[in-house]
Amino acid sequence: MSQAGYPPPETVRTVAVVGTGVIGAGWAAHFLRMGYDVVGWDPDSGAAERLASFVGNAWPVLERLGLGPAASPSRLRFAGSLREATAGADFVQESAPEALEVKEALLAELDTVTSPDVVIASSTSGFMMSDMTARTRTPGRFVVGHPFNPPYLIPLVEIVGGRLTDQAAVTWAEKFYTGTGKVCLTMDSEVPGFVGNRLQEALWREALHMIDSGQATVQQIDDSITYGPGLRWALMGPVLTFHLAGGQGGMAHMFDHFGPALLQPWTRLTAPELTPRLRDLVVSGVDESVGDMTVPQLERQRDDFLADLLLLIEKHRRA
């Protein structure tokens, strides 16, 4: 047994996927690709057939990416009840509808039907685990494991516990997800929406403002990202992208030169005051992120990636 009584993540053989809509089915496909036995459960009529169809449709692309040892769609089965689905499960991924009362009730039931040494993760898009475990008896083993759609292709999973979550459970989940090929963003403390969705939401709200006011069309909004910063973000993200905007001076020069733009009315969001502390936090964070790579090296990496990505996009647009 590992710390706090949780079996080592590498001993997981069976994963229960509770809730098999788009996200739950995507998780099922991911775990099957990695060679696990997967047991799905969803109370909706026809859920079993939809899950099997989903996995079948996703399997060709998973084969292209590469399958884990003994990976097969045949390792999927659908249970007739929550208790049956979780019996013998070494890990549970909950992906029920995004309604707090539904999550609360389901996590409380999962707490009852599973062994206390089984870590349970929720795919919630924004609820805090502290709120979702209000009715559980053993909240220490519940963590957020928030994926991005489709979970079988997008590597990122955001991990964070609630106020009563064991740190050992968070560490366990990070190690388990990493072992399944996920890229983990493990947060030190919970915040609604986590990281990725808060950033997406800021962009989405401004897009809706621009559409509502007639300042841009839907097509213009999508084109502005698809053919603009979205290409760069696929490799470097917004912070490192701005680091290169500062040229040889990097992020420090970018702040000194473009910092006043934060006060311009370019968005409906109020920008934080660019204090020396905030400036230093970002600059030092970039320095840590890039390590020994110079700006010219980063620029070459970016350019090579963008050239490959543009050729790939053109290939698929012709098809």
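The values are calculated or read from the model by the stated rules, or taken from the named source; none is laboratory data. Predicted model only: the values in this text are computed from it and were never measured. Neighbour counts are summed over all protein chains in view; Cβ atoms, including those assigned to glycine, are modelled from backbone coordinates with ideal geometry. Ligands, DNA and RNA are stripped out before the accessible areas are found, and what is left, the full protein with its side chains, is counted by its heavy atoms. Shrake-Rupley method; radii C 1.70, N 1.55, O 1.52, S 1.80 Å.
Name the residues in the stretch 258-300 that are surrounded by 10 or more Cβ atoms within 10 Å (Cβ to Cβ), part of a loop (DSSP other than H, G, I, E, B) and out of contact with any Leu (no Cβ under 9 Å at 6 or more places or on another chain), would you?
Residues satisfying the conditions are Trp266, Thr267, Arg268, Leu269, Met293, Thr294.
For the stretch 74-89, state whether one or more residues are aromatic (Phe, Trp, Tyr) and either in contact with a Ser or Thr (Cβ under 7 Å, 6 or more places away or on another chain) or open to solvent by less than 30 Å² (accessible area, probe 1.4 Å) (or both).
no
So which residues in the stretch 184-214 are open to solvent by 40 Å² or more (accessible area, probe 1.4 Å), modelled with pLDDT under 95 and either more than 18 Å from the chain's Cα centre (by Cα) or β-branched (Val, Ile, Thr) (or both), if there are any at all?
Answer for the stretch 184-214, where residues must be open to solvent by 40 Å² or more (accessible area, probe 1.4 Å), modelled with pLDDT under 95 and either more than 18 Å from the chain's Cα centre (by Cα) or β-branched (Val, Ile, Thr) (or both): Arg205, Leu208, His209, Met210, Ile211, Asp212, Ser213, Gly214.
What pairs come out if I take residues in the stretch 292-303 that are β-branched (Val, Ile, Thr) and pair them with residues that are open to solvent by 80 Å² or more (accessible area, probe 1.4 Å) and assigned to a helix (DSSP H, G or I) whose C-beta lies under 8 Å away, six or more apart or interchain?
Sorted first by the residue in the stretch 292-303, then by its partner, the pairs are Val295/Gln248.
Which one is most open to solvent (accessible area, probe 1.4 Å), of the residues in the stretch 132-151 that are farther than 27 Å from Leu67 by Cα and polar (S, T, N, Q)?
In this case the residue turns out to be Thr138.
For every residue, the table says whether it meets (1) surrounded by 17 or more Cβ atoms within 10 Å (Cβ to Cβ); (2) among the small types (Gly, Ala, Ser); (3) modelled with pLDDT under 95; (4) closer than 16 Å to Thr180 by Cα.
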residue: Val15; (1), (2), (3), (4): yes, no, no, yes
residue: Gly35; (1), (2), (3), (4): no, yes, no, yes
residue: Asp44; (1), (2), (3), (4): no, no, no, no
residue: Ser72; (1), (2), (3), (4): no, yes, no, yes
residue: Asp111; (1), (2), (3), (4): yes, no, no, no
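Every residue in the stretch 152-176 that is part of a loop (DSSP other than H, G, I, E, B), touching a His at 6+ places or on another chain (Cβ under 9 Å) and either at pLDDT 95 or above or surrounded by 19 or more Cβ atoms within 10 Å (Cβ to Cβ) (or both), please. Steps first, answer last, please.
The first filter runs over the stretch 152-176 and keeps only residues part of a loop (DSSP other than H, G, I, E, B), leaving 152-155, 162-166.
So of that shortlist, the ones also touching a His at 6+ places or on another chain (Cβ under 9 Å) come out as 152-153.
Scanning the stretch 152-176 gives a single hit, Tyr152.
Of the conditions (1) under 21 Å from the mean Cα position of the chain (by Cα); (2) farther than 30 Å from Leu164 by Cα; (3) not β-branched (Val, Ile, Thr), Gln93 satisfies every one except a single condition; which number is it?
Every listed condition holds for Gln93 apart from (2).
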